[in-house]
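What follows is one structure encoded as structure tokens, with my remarks underneath.
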Amino acid sequence: MMCLKTHSFLIIAILFHLFTLIDYQAWSCVYKFLAKNEDQLVMLELEKTRMNFQRVLGLQKKVIQERAHAEFAFTFSVC
């Protein structure tokens, strides 16, 4: 019966051996896949930022319009 440390070491050694068998082209494909997903995440984050900016801009526009309307109404009510 193997002790747990020896068993873990053997698993790590086998995994290391398997990973070294993978050629550079396979790693390149994995890297490109991860980079593509990262680019998609960045684009999604940019889109969220743009939507949030548009929302805030719309709220500011509404506040400005309400103030202008109130000033306009006040100006004509005083006269």
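Data overview
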{"read-out": "Simple label model, 7 Å out from Cα along Cβ direction - residue 28 to residue 55, nm", "value": "4.3"}
{"read-out": "Within-12-Å neighbourhood charge of residue 39 [Cβ basis; K, R +1; D, E -1]", "value": "0"}
{"read-out": "Convex hull volume per residue in cubic angstrom - Cα atoms of region 23-78", "value": "32"}
{"read-out": "Partner aspartates and glutamates for residue 61 [C-alpha distance under 19 Å; skip if fewer than 8 residues away on the same chain]", "value": "71"}
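Here, each number is a calculation from the coordinates, and none is a lab measurement. Small disclaimer: the values here were computed from a predicted structure and weren't measured. Note that we place each Cβ from the backbone using ideal geometry, even for glycine, and neighbour counts take in every protein chain shown.
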